[in-house]
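The values are calculated or read from the model by the stated rules, or taken from the named source; none is laboratory data. Keep in mind the model is a prediction, meaning the values are calculated, not measured. All Cβ positions, even for glycine, are placed from backbone atoms using ideal geometry, and neighbour counts span all protein chains on display. Areas reflect the complete protein model, heavy atoms only, side chains present, ligands, DNA and RNA absent. Shrake-Rupley method; radii C 1.70, N 1.55, O 1.52, S 1.80 Å.
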Amino acid sequence: MAEPVTFTSTYLAGGPVNYARVGNPTWTALEDVIGGLEGGEALAFASGLAAIDAVLTLVPPGGRVIAPGHAYNNTTGLLREYAAEGRFEVRAVDISDTGAVLAELDHLEGGRDLLHIESPTNPMMEVADIPALVSAARERGILTAVDNTFATPLLQTPLADGVDVVIHSATKYLSGHSDVLMGAVVTAPTERGRALRARMLNRRTLHGAIPGPMEAWIVLRGIRTLSVRLERASANAAELVRRLSDHPAVIRVRYPGLGAMIAIEVYGGAAAADRVCADVRLWTHSTSLGGVESQLERRRAQPAEVETVPEELIRLSVGIEDVEDLWRDLAQALGSPSRS
Ligand SMILES: *Cc1c(COP(=O)(O)O)cnc(C)c1O
């Protein structure tokens, strides 16, 4: 049976929830599904960024946050904003350099500070050694969060490695059709996890970054096909990586060996990369990712992207189209004869 959508702002007095900023049955159905996939208990938010903001409220004033130098650009932007306001201090790290991150952990204080991980990172595709980082952080009592948007719970379940909070932009693979914004946090079904969840629930209720019930339903619908979408998109991505790796227009292919996100760097700088994005016809030139349709974007064209992302880097979100169609289009845009 499909889940009904509950449109209401209020509930009859005397029940567990009295007002719709506090809870909604369609959210609950979605939270059960996302929680089940991640092996924890989920809370839905209005967007991925609202979910990240809820996690950051777990850090008290004067605390420290370690985060990847290359993370989703608005995560970096939000951290910078809070740092500028003096709310907490932020240290950027190369999240794939385990030794460097472990060294930074020595400057953190347990019970106060946060290690925020994104893996693979957006858009540089760096991979963190989550089990190593998390076990070191836990020994020191440092809170850990993993943004699992790129990998999805089908490829990576960070709670199993002892991570405190898993974050999703459900806008991406979970919903999968580029038609909704939503986010979620997931915590472990433990006393520690439930305490964190209660604080983030409080944040959601008081700050009002709640999803609409229709949006929650759209994400529920999307998740029904997550595994088949991801399987097809990942197979397409692996094949495109193989072909891009010896394409003469391509300097470098960044692909961590899982999922359907790829980054390439092309010869000819920003102008050449812009031409590739303008010349595709089947691929969609747009920001965002994780939809059934293949999308690409030169990330530095976004004013908020960090300066260490190469100008000529194009992020590819591979969809579920026929891989030969995708390759023909990409190859013509890259400016050389289509080959396989
Ligand atoms: C898109 C994205 C976000 C932000 O999610 P929104 O739903 O756009 O608010 C956070 N993290 C990653 C890795 C993303 O790709």
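Quick notes on this one:
- Helical runs (DSSP H, four residues minimum) scored at -39500 (n - 2.57) apiece and divided by the length of the chain put the mean residue ellipticity at 222 nm at -11500 deg cm²/dmol.
- Here region 188-265 is treated as a Stokes sphere of Kirkwood radius computed over C-alpha pairs; at 10 °C and 1.306 mPa s its diffusion coefficient rounds to 97 µm²/s.
- Using only the C-alpha atoms, the convex hull of the chain corresponds to 133 Å³ per residue.
- Helix axis angle, 269-279 relative to the chain longest principal axis, alpha carbon, degrees: 90 degrees
- Calculated on the Cα set of region 1-133, radius of gyration then Dmax: 18.3, 55 Å.
- Amide H within-cut-off set for Thr225, under 5 Å, with H built and near neighbours excluded: none
- 1.4 Å probe accessible area per residue over the chain, in Å²: 41 Å²
- In Å², nearest 10: area of Arg197 left accessible to a 1.4 Å probe: 60 Å²
- Of all accessible heavy-atom area on region 73-191, the percent that carbon and sulfur account for (1.4 Å): 48 percent
- Cα-based convex hull, region 25-223, per residue volume (Å³, whole number): 104 Å³
- For the chain, the longest principal axis of the C-alpha atoms and the axis of helix 226-245 are separated by about 40°.
- Gained length - Arg192 relative to Thr287, 0.36 nm times residue gap less alpha-carbon distance: 30.5 nm
- Put simply, the Cα atoms of region 263-327 extend 34, 22, 15 Å along their principal axes, the longest span coming first.
- Space enclosed by the convex hull of the alpha-carbon atoms of region 226-334, per residue, Å³: 92 Å³
- Taking 7 Å steps out from each Cα toward its Cβ at Glu231 and Phe7 produces label points 3.6 nm apart.
- The slack between Leu206 and Ala278, meaning 0.36 nm per residue of separation minus the straight C-alpha distance, is 21.6 nm.
- Shape index of region 51-120: Rg/Rh, with Rg the Cα radius of gyration and Rh the Kirkwood radius from the inverse mean 1/r over Cα pairs, equals 0.93.
- Acute angle (nearest 10 degrees) that the helix 130-139 long axis makes with the longest principal axis of the chain, alpha-carbon atoms: 30 degrees
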